[in-house]
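Trainee: The structure is given below, and queries will be raised subsequently.
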Number of protein chains: 2
Amino acid sequence: MESDIIFREATEQDLNKIVEMLANDALGSKRERYELPLPESYKDAFKAISSDPNNELVVACDEEKVIGVLQITFTPYITHQGGWRATVEGVRTLSSERSKGIGTKLIKWAIQRAKERNCHLVQLTTDKERPDALRFYERIGFKSHSRGAKV
Amino acid sequence: MESDIIFREATEQDLNKIVEMLANDALGSKRERYELPLPESYKDAFKAISSDPNNELVVACDEEKVIGVLQITFTPYITHQGGWRATVEGVRTLSSERSKGIGTKLIKWAIQRAKERNCHLVQLTTDKERPDALRFYERIGFKSHSRGAKV
């Protein structure tokens, strides 16, 4: 019988495992610095996220084990008649737990959470170097509508 | 002689003019509801933005006249070694003031503001229905790196 996955806000005790998951990925391995103790910048970011009512770092857990993570940000905008939006970022599943639908459950949880926060849409961007990611989100119901740019 | 453009945080007195600018646009005309008095949802969003230290609604002014607007959001993320990012949204120039470089000045102001806030990057998305917008941002130095999706 499949065990139930629990979603909860991350605590500081989860942070090592979260960074390990983020670093264990083709793009993440170039961007992150997973070493123990963790670089202070991760701890500072964790504090900033936890103290901000418009940011939530969420982990998916199978009993005690952290098997997935995402961050959801709620933003009030003037556009769209003053509508709040939810932005999802940093979605990752533990490598040994991939292809079991955990990512889908995480995203569906985020969509539900966004509704609770009265967001009129959930948005995310996927790097062009992740060709499968967009297809994954499209299967869940996302529509590709924009191009992301950065400087 | 060209007058100097001032950038400042918007006040509630600027809100009518801001919504008028947002609505005066091919996509905005479908999304916004510019009528006076303004729908309460705009005022609620304005209050949420002004009371959030990680959100700034900024206007460009030529003397007293509001001629441009953008919103900038600062977000702490665990990804990129706990790096803060700035997201720019709702960039609009008054129709009578277009093609004078005001949009460019607004974006350059935002890039500078993001540096002051220690953001490691400035990101934005442009709707696929705005083919010129991406080229505009690329001229300023943005690189298209991702696809945006929403649900």
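Trainee: Just a yes or no: is a residue in segment B:63-72 of a type outside the set (Val, Ile, Thr), open to solvent by 20 Å² or more (accessible area, probe 1.4 Å) and modelled with pLDDT under 95?
Mentor: Within segment B:63-72, one or more residues are of a type outside the set (Val, Ile, Thr), open to solvent by 20 Å² or more (accessible area, probe 1.4 Å) and modelled with pLDDT under 95.
Trainee: Restricting attention to segment B:120-135, which residues are open to solvent by 40 Å² or more (accessible area, probe 1.4 Å) and closer than 26 Å to residue B:83 by Cα?
Mentor: B:120, B:125
Trainee: For a quick check of your reading of the model, give me the residue pairs whose first member lies in segment B:29-54 and is under 18 Å from residue B:72 (Cα atoms), whose second is part of a loop (DSSP other than H, G, I, E, B), with beta-carbon atoms closer than 6 Å and at least 6 apart or on different chains.
Mentor: The qualifying pairs are B:45/A:78.
Trainee: Specify which of the listed residues (B:59, B:88) is under 18 Å from residue B:11 (Cα atoms) and surrounded by 15 or more Cβ atoms within 10 Å (Cβ to Cβ).
Mentor: Going through B:59, B:88 in turn, just one is under 18 Å from residue B:11 (Cα atoms) and surrounded by 15 or more Cβ atoms within 10 Å (Cβ to Cβ): B:59.
Trainee: Scan segment A:110-132 and report the pairs whose first residue is touching a residue at least 40 places away in the same chain (Cβ under 8 Å) and whose second residue is of a type in the set (Ser, Thr, Tyr) and loosely packed, with under 15 Cβ neighbours inside 10 Å, with Cβ atoms within less than 6 Å and a gap of 6+ or a chain change.
Mentor: none
Trainee: Consider residue A:83 against the criteria (1) open to solvent by 30 Å² or more (accessible area, probe 1.4 Å); (2) facing chain B (nearest Cβ under 9 Å): it satisfies all of them except one. Which criterion is unmet?
Mentor: Here residue A:83 meets the rest and fails (1).
Trainee: Given the criterion modelled with pLDDT of 95 or more and surrounded by 15 or more Cβ atoms within 10 Å (Cβ to Cβ), identify the matching residue among B:115, B:143, B:150.
Mentor: On inspection, the qualifying residue turns out to be B:150.
Trainee: Within segment B:37-52, can you find the residues that are in contact with an Asp or Glu (Cβ under 9 Å, 6 or more places away or on another chain) and more than 8 Å from every other protein chain (Cβ to nearest Cβ)?
Mentor: B:47, B:50
Trainee: So in segment A:86-106, with the set limited to residues that are in contact with a Gly (Cβ under 9 Å, 6 or more places away or on another chain) and of a type in the set (A, V, I, L, M), which one is farthest from the other protein chains (Cβ to nearest Cβ)?
Mentor: Looking at the filtered set, the residue picked out is A:102.
Quick grid of which residues meet (1) over 18 Å from the mean Cα position of the chain (by Cα); (2) part of a loop (DSSP other than H, G, I, E, B); (3) closer than 26 Å to residue B:88 by Cβ; (4) free of Cβ contacts under 8 Å to residues at least 40 places away in the same chain:
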site	(1), (2), (3), (4)
A:60	no, no, no, no
A:67	no, no, no, no
A:73	no, no, yes, yes
A:80	yes, no, yes, no
A:88	no, no, yes, yes
A:91	no, no, yes, yes
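The values are calculated or read from the model by the stated rules, or taken from the named source; none is laboratory data. None of the values given here were measured: they were computed from a predicted structure. Here the Cβ is made from the backbone with ideal geometry for all residues, glycine too, and neighbour counts use every protein chain on show. Protein only, heavy atoms only, side chains kept; ligands, DNA and RNA dropped before computing areas. Shrake-Rupley method; radii C 1.70, N 1.55, O 1.52, S 1.80 Å.
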